[in-house]
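The values are calculated or read from the model by the stated rules, or taken from the named source; none is laboratory data. Every value quoted in this text rests on a predicted model; they were computed, and no experiment measured them. So basically every Cβ, Gly included, is an ideal-geometry build from the backbone, and we count neighbours across all protein chains shown. What goes into the accessible areas is simple: the full protein's heavy atoms, side chains included, and nothing from ligands, DNA or RNA. Shrake-Rupley method; radii C 1.70, N 1.55, O 1.52, S 1.80 Å.
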Amino acid sequence: MTHVARIHRAVRDIAAHDWDRMAGSDNPFVSHAFLTSLELSGSVGGRSGWSPLPIVIEDETGHPLAALPAYLKTHSQGEYVFDHAWADAWARAGGRYYPKLQISVPFTPATGPRLLLGDRPELAPVLLAAAEQVAREHDLSSAHATFIAPNQVAMFDAAGWLLRADIQFHWENRGYATFDDFLGALSSAKRKNLRKERANAQAGVEIRALRGGDIRPEHWDAFWVFYQDTGARKWGQPYLTRAAFDLFGQTLGDAVLLVMAFIDGQAVAGALNFIGRDAIYGRYWGSVIDKPFLHFELCYYQAIDAAIALGLSRVEAGAQGQHKLARGYEPVQTMSAHHIVDPQFRRAVADFLVRERAGVAQDQQWLGQRTPFRQETE
């Protein structure tokens with residue numbers, strides 16, 4: 001069978017049923033609804049530095065078989081896998097690092113499929129060869145796939161892409177029926193600390209977990225204020241536009257979980273989560289008050305409550321943050337893959353990654369020994 005690789009200018013140019021058939025239903029971030037919400041809201045495209053460039057493998061009739069959620073990038077912002085040093089090194093050597101090809105979900109450090117294969121896993125090499133061809137023929141320095149689902153890492157490795165490791169903190173549901181069951185797995189001191197934190201965070205505050213149709217425009221209005229404040233402090237300016245949140249609510253339905261805190265009926269803080277088939281993904285948080293432990297309550301403990309209630313296996317709480325460790329979130333290795341076009345530059349990056357992976361493995365082992373869970377002797 002003849003396969004053709006076609007570059008599109010937007011995910012919305014591909015029929016939703018075709019895209020979602022390739023993407024599957026496990027992960028909300030690679031859905032047609034989420035990715036087109038970013039496009040229609042102006043969060044990507046234009047002057048954002050994220051130009052949608054989805055690559056689709058089609059059969060001889062034009063029927064889509066597999067796809068890459070790819071973007072042409074003119075900077076390295078909003079990726080959470082940091083390659084600024086690579087860009088600087090290549091510029092000092094006389095090269096041009098940008099633009100590059102980014103295979104990812106913009107602004108979303110959550111694991112998920114990067115090769116959207118539907119029922120055609122044998123097309124993985126074809127997709128990756130297409131990405132390499134795009135980089136080569138369009139004079140791009142490199143192609144990068146970030147936060148790859150664990151079951152796809154070997155596909156990139158087999159294609160010769162360079163692997164890079166990092167650490168996130170995820171909460172694992174070990175069959176807990178209640179939050180107290182989870183607390184029972186912790187050491188007595190940590191259990192006491194978490195109970196104290198929750199009590200302090202909830203004192204004088206009403207917390208509501210809103211999902212799907214329960215999220216009204218006024219909730220998004222309030223959350224937009226929270227998000228702008230956090231975005232300005234973290235990144236200089238928020239990545240998402242106001243319209244993106246309305247579109248998430250309109251198109252993703254019950255996959256959206258918004259946890260809001262109210263004082264005297266006034267929204268004062270919130271945390272936005274997305275729900276997949278087997279995980280909750282924490283994404284954004286913000287507050288207009290400074291209340292101790294409220295961040296932990298809305299972002300971490302409420303997500304655990306929801307995961308237990310929904311019978312989900314894990315909570316991915318986003319990038320970085322060793323403070324998550326003391327709250328039952330454990331160190332988990334995340335992986336990215338990188339295709340470097342220039343052979344000499346590739347060798348230099350490969351050498352760096354060997355040393356970096358060894359350091360990450362040591363860090364993960366060290367962190368894993370400092371979780372709050374009870375030891376066998378307790």
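Some points to look at:
- Among (1) open to solvent by 60 Å² or more (accessible area, probe 1.4 Å); (2) in contact (Cβ under 8 Å) with a residue 40 or more places away in the chain; (3) within 30 Å of Leu123 (Cα to Cα); (4) not in a strand (DSSP E or B) - the single one Asp166 does not satisfy: (4)
- Subset of the stretch 211-238 [out of contact with any helix residue (DSSP H, G or I) (no Cβ under 6 Å at 6 or more places or on another chain), open to solvent by 40 Å² or more (accessible area, probe 1.4 Å) and within 23 Å of Val30 (Cα to Cα)]: Gly213
- Test result for Thr251, open to solvent by less than 40 Å² (accessible area, probe 1.4 Å) and over 15 Å from Val315 (Cα atoms): no
- Filter result for Leu312 (of a type in the set (A, V, I, L, M), assigned to a strand (DSSP E or B), within 27 Å of Thr371 (Cβ to Cβ) and open to solvent by less than 30 Å² (accessible area, probe 1.4 Å)): no
- Looking only at the stretch 255-264, residues that are outside any strand (DSSP E or B) and in contact (Cβ under 8 Å) with a residue 40 or more places away in the chain come to 1 in all.
- Listed by first and then second residue, the pairs linking a residue in the stretch 343-372 that is closer than 17 Å to Ala87 by Cβ and open to solvent by 40 Å² or more (accessible area, probe 1.4 Å) to a residue that is modelled with pLDDT of 95 or more and in a helix (DSSP H, G or I), with Cβ atoms under 8 Å apart and 6 or more places separating them unless they lie on different chains, are Ala348/Ala89.
- Hey, Gly160 open to solvent by 10 Å² or more (accessible area, probe 1.4 Å), over 25 Å from His75 (Cα atoms) and at pLDDT 95 or above or not: no
- The residue list Asp305, Asp290 contains one member that is modelled with pLDDT of 95 or more, open to solvent by 20 Å² or more (accessible area, probe 1.4 Å) and farther than 24 Å from Gly78 by Cα, which is Asp305.
- Scan the stretch 329-342 for residues that are open to solvent by less than 30 Å² (accessible area, probe 1.4 Å), in contact with a His (Cβ under 8 Å, 6 or more places away or on another chain) and among the hydrophobic types (A, V, I, L, M, F, W, C) and the total you get is 1.
- Within the stretch 42-53, the only residue that satisfies the criterion of being touching an Asp or Glu at 6+ places or on another chain (Cβ under 8 Å) and in contact (Cβ under 8 Å) with a residue 40 or more places away in the chain is Pro52.
- Residues (free of Cβ contacts under 8 Å to residues at least 24 places away in the same chain and aliphatic (A, V, I, L, M)) located in the stretch 68-100: Ala85, Ala87, Ala91
- Selection status of Ile280, open to solvent by less than 40 Å² (accessible area, probe 1.4 Å) and either in contact with a Ser or Thr (Cβ under 8 Å, 6 or more places away or on another chain) or outside any helix (DSSP H, G or I) (or both): yes
- Enumerated helices (runs of 4 or more DSSP H) restricted to the stretch 6-106, each holding at least 1 residues that are surrounded by 19 or more Cβ atoms within 10 Å (Cβ to Cβ) and among the acidic types (Asp, Glu): 32-40
- Gly175 in a loop (DSSP other than H, G, I, E, B), closer than 30 Å to Asp83 by Cα and at pLDDT 95 or above: no
- Residues being open to solvent by 60 Å² or more (accessible area, probe 1.4 Å), without any contact (Cβ under 8 Å) to a residue 24 or more places away in the chain, part of a helix (DSSP H, G or I) and not charged (D, E, K, R) are entirely absent from the stretch 130-143.
- Just one of the listed residues (Ala267, Ala326, Ala319) is open to solvent by less than 50 Å² (accessible area, probe 1.4 Å) and in a loop (DSSP other than H, G, I, E, B), namely Ala319.
- Put simply, of Arg195, Arg208, Arg174, Arg191 the only residue that is over 20 Å from Ala306 (Cβ atoms), open to solvent by 30 Å² or more (accessible area, probe 1.4 Å) and more than 17 Å from the chain's Cα centre (by Cα) is Arg191.
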